[in-house]
1. Quick one: would you say residue 69 is in contact (Cβ under 8 Å) with a residue 24 or more places away in the chain and either within 6 Å of ligand 2 (Cβ to nearest atom) or surrounded by 10 or more Cβ atoms within 10 Å (Cβ to Cβ) (or both)?
2. Return the residues of segment 40-65 that are of a type outside the set (Gly, Ala, Ser) and surrounded by 10 or more Cβ atoms within 10 Å (Cβ to Cβ); say none if nothing qualifies.
3. Given the criterion more than 14 Å from the chain's Cα centre (by Cα) and surrounded by 10 or more Cβ atoms within 10 Å (Cβ to Cβ), identify the matching residue among 27, 36, 22.
4. Just name the residue that is farthest from residue 61 (Cα to Cα) out of those in segment 25-40 that are near ligand 2 (Cβ under 8 Å from one of its atoms) and part of a helix (DSSP H, G or I).
Amino acid sequence: MPPLMRRALLLVGLFSLLFLLISWGVIAYSLFAPPISSVPDHPRAGSASQCLACHAGGNNAPALPHPTFPTCGFCHR
Ligand code: HEC
Ligand code: HEC
């Protein structure tokens, strides 16, 4: 196998491994998210900006313990 080919294959392998590790991490973390269905009459679905507007402070809504993600429903069902 030509050396350039071998280096390219090594890179593809490393990036696949990195991708797998990151997806595993995201899925594992999402399983620990408290479901909003456990709160009686909590507002259902809605865009992430609606969630953030209420959870940004005041309203006795708990603050986010994590960075703001572009979606909330993927983890909080
Ligand atoms: C109108 C205000 C409001 C909006 C909009 C809102 N929430 Fe909440 N949320 C609250 C309040 C108040 C609580 C605390 C309820 C309690 O502890 O009894 C809460 C609790 C939570 C909790 C904690 C649940 C638990 O079991 O600890 C999560 C997670 C959450 N909200 C996520 C979301 C998501 C995701 C959205 C968007 C779909 C959202 N919230 C929209 C007011 C809001
Ligand atoms: C990648 C998965 C994931 C996404 C996406 C996500 N969360 Fe979370 N969220 C979690 C996990 C896991 C926890 C519990 C973390 C902890 O207790 O340290 C949590 C905790 C919370 C809490 C605290 C609940 C409490 O009882 O204190 C709030 C509020 C919350 N998330 C709101 C949101 C909002 C609003 C969004 C959308 C902008 C969002 N989350 C997106 C995984 C996620």
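1. On the way: in contact (Cβ under 8 Å) with a residue 24 or more places away in the chain: no; either within 6 Å of ligand 2 (Cβ to nearest atom) or surrounded by 10 or more Cβ atoms within 10 Å (Cβ to Cβ) (or both): yes.
It is false that residue 69 is in contact (Cβ under 8 Å) with a residue 24 or more places away in the chain and either within 6 Å of ligand 2 (Cβ to nearest atom) or surrounded by 10 or more Cβ atoms within 10 Å (Cβ to Cβ) (or both).
2. Correct list: 42, 43, 50, 51, 52, 54, 55, 64.
3. Residue meeting the stated conditions: 36.
4. In this case the residue turns out to be 26.
Per-residue answers, yes or no, for (1) in contact with a helix residue (DSSP H, G or I) (Cβ under 9 Å, 6 or more places away or on another chain); (2) without any contact (Cβ under 8 Å) to a residue 24 or more places away in the chain; (3) within 14 Å of ligand 1 (Cβ to nearest atom):
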site: 4; (1), (2), (3): no, yes, no
site: 10; (1), (2), (3): no, yes, no
site: 39; (1), (2), (3): no, yes, yes
site: 44; (1), (2), (3): yes, yes, yes
site: 64; (1), (2), (3): yes, yes, yes
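Only the coordinates and a few stated rules stand behind these numbers; no lab work does. On a predicted model such as this, the values are computed, not experimentally measured, just so you know. Heads up, the Cβs are rebuilt from the backbone with ideal geometry, glycines too, and the neighbour counts pull from every protein chain shown.
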